[in-house]
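Notes follow the structure.
The values are calculated or read from the model by the stated rules, or taken from the named source; none is laboratory data. Fair warning: this is a prediction, and the values are worked out from it, not measured in the lab. Ideal geometry is used to build each Cβ from the backbone, glycine not excepted, and the neighbour counts take in all protein chains shown.
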Amino acid sequence: MLLESFPVGPLQCNCSIIACPETKEAAVVDPGGDPDKILALIKKHGLTVKYILHTHAHFDHVLGSRAIKEATGGKICLHTGDQWLYDNLSKQGNMFGFDITEPLPVDVYLEDEQELEIGKGKTKVIHTPGHTPGSLCFEHGDKENVLFAGDTLFRRSIGRTDLWGGSFEEIIKSISERLFKLEDSTRVIPGHGPDTDIWSEKRENPFLT
């Protein structure tokens, strides 16, 4: 697996590019801004973007999606539970002082346990409501098992639940009953901040221990 992960946009969302090194087919996870930077890496590796995956529809994870779609033709993917947030992207931005262009329509609605083929690799969709009703995590297994956790699980923390559609009870359930069932060695790339792993969070996350 080819993997690039880096912060983008005004709120430094972690955007990730995952790709099959043989076929060069790729997915972009949470293009939250700086589309030129994302597109430069796509060009550098000679990738063909198949999917634009959103862990949820808060504006800081979606800001670059339109530009990536227009440049690559990749399919915009989201869970139906966050369609209302996606439809109100401009309102979200206005609340934080950002002028946001309306997004392009969603191409694919993702479902829990769905498997997406990216070249010769597969990415599993895990529905983890709590931060938002339609929050998703993406598990990509290869030589290294990686979880793109969005704003559900952070290093020693969890996502906010005081925003639109958030639920503390649901996010704790999603983490404990879904994410903590993954292999302990699973690397976790959260929506913001440094990486962690499932083993460490089981033992040291103050919200779940």
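Some points to look at:
- Any hit, the range 21-31, residues being among the polar types (S, T, N, Q), touching a Gly at 6+ places or on another chain (Cβ under 8 Å) and assigned to a loop (DSSP other than H, G, I, E, B): yes
- Residues in the range 126-151 that are outside any strand (DSSP E or B), over 13 Å from residue 20 (Cα atoms) and of a type outside the set (Val, Ile, Thr): 129, 130, 131, 133, 134, 135, 144, 145, 151.
- Filtering 144, 111 for residues that are out of contact with any Phe, Trp or Tyr (no Cβ under 9 Å at 6 or more places or on another chain) and more than 22 Å from residue 194 (Cβ to Cβ) leaves a single hit, 111.
- Subset tally (residues that are hydroxyl-bearing (Ser, Thr, Tyr) and assigned to a strand (DSSP E or B)) for the range 70-125: 2
- Filter pass, residue 100 being modelled with pLDDT of 95 or more, in contact with a helix residue (DSSP H, G or I) (Cβ under 6 Å, 6 or more places away or on another chain) and aliphatic (A, V, I, L, M): no
- Options 120, 124; residue that is touching a strand residue (DSSP E or B) at 6+ places or on another chain (Cβ under 9 Å), more than 19 Å from residue 59 (Cβ to Cβ) and without any contact (Cβ under 8 Å) to a residue 24 or more places away in the chain: 124
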